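Working notes, beginning with the structure itself.
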Amino acid sequence: MKVAITGSTGLAGNIAGVIEATPYIGQSHTVDRLRIEQPIDWEQYDVFINCAHVDFCQVELLEECFESFKAYPEKTIINISSRAQQPNISKGTMYAAQKAALTHYANNLIYNNAEKRCRIMTLHLGLLNHPTIPSLDYNEVSGYILRYLTWDSHFEIPEVTLQHSANYLAVQAQKDLDKLLED
């Protein structure tokens, strides 16, 4: 399996490392870490993990990749979004709008494009790798992605939210308190 992922550090670096380190039924996996501004030869890839967030670039990359992947049921696109895409969740309104645009566009491709044969999944992630507040760690997210990639190609999960089970309001209150203490 040949995977393209945008980003090389943090979550993207962890996802790439987990995929490369885990052979599946004798197959090795190669992962190319891509910069969002470089031209991409989509034809060489089986999987695209749309991870790096820069303005609305994730939406544009989804469009480019979909045009190449759409006719192939064995190809997969995974968008890394945020639960901030939900209304009234995030105080970062532009970030929330960018993630909502990614989700909306992915859903339009999934449900309204008759040419679609590839799998598209959008992961809405909650707080990640926080040192003091309950959060998921990168390995938990990477493991979920790896499991999804090993399932049969007819199995599609259009959207899923992954977050720590801690009470959302309590987590947000702790984030606000931490920010207040920093200022």
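No lab work stands behind these numbers, since they all come straight from the coordinates. Because the structure is predicted, anything quoted here is derived from the model rather than measured. Note that we place each Cβ from the backbone using ideal geometry, even for glycine, and neighbour counts take in every protein chain shown.
Quick check for me: using +1 on Lys/Arg Cβ and -1 on Asp/Glu Cβ, what's the dipole size of segment 2-182 about its Cα centre, in debye to the nearest 20? Don't skip to the answer; put the middle values down first.
Details: 14 positive and 21 negative charges, 77 e Å.
The dipole of segment 2-182 has a size of about 360 debye.
Result for the chain in a Gaussian network model with C-alpha springs under 10 Å: among Q86, Q98, Q58, the largest mean-square fluctuation is at Q86. Rounded to the nearest 10 degrees, the inclination of helix 168-182 to the longest alpha-carbon principal axis of the chain is 70 degrees. Any idea how far apart K179 and Q86 come out in nm if each label point goes 7 Å out from Cα toward Cβ? Placing both labels 7 Å beyond Cα along the Cβ direction yields 1.8 nm.
Express the relative contact order of segment 2-182 as a whole percentage, based on alpha carbon pairs under 8 Å and six or more residues apart in sequence. In percent, rounded to a whole number, it is 21. Can you find, among H124, S153, A166, the residue farthest towards the positive end of the dipole of segment 2-182? Put +1 on the C-beta of Lys and Arg, -1 on that of Asp and Glu. The residue sitting farthest along the positive end of the dipole is A166. With the simple model of a label 7 Å out from the Cα in the direction of the Cβ, L169 to R147 spans 3.0 nm.
Placing R0 at 25 angstrom, the Cβ-Cβ distance between A114 and F155 gives a FRET efficiency of 0.75 after rounding to 0.05. Tilt of helix 138-150 relative to the longest C-alpha principal axis of the chain, in degrees (0 to 90, nearest 10)? The angle comes out at about 30 degrees. Taking the C-alpha atoms only, the angle from helix 93-112 to the longest principal axis of the chain is near 30 degrees. Highest-first packing order for the peptide set 126-139, 40-53 is 40-53, 126-139, based on the mean count of other beta carbon atoms within 10 Å.
Counting 0.36 nm for each residue step from E140 to D55 and taking away their Cα separation leaves a gain of 28.0 nm.
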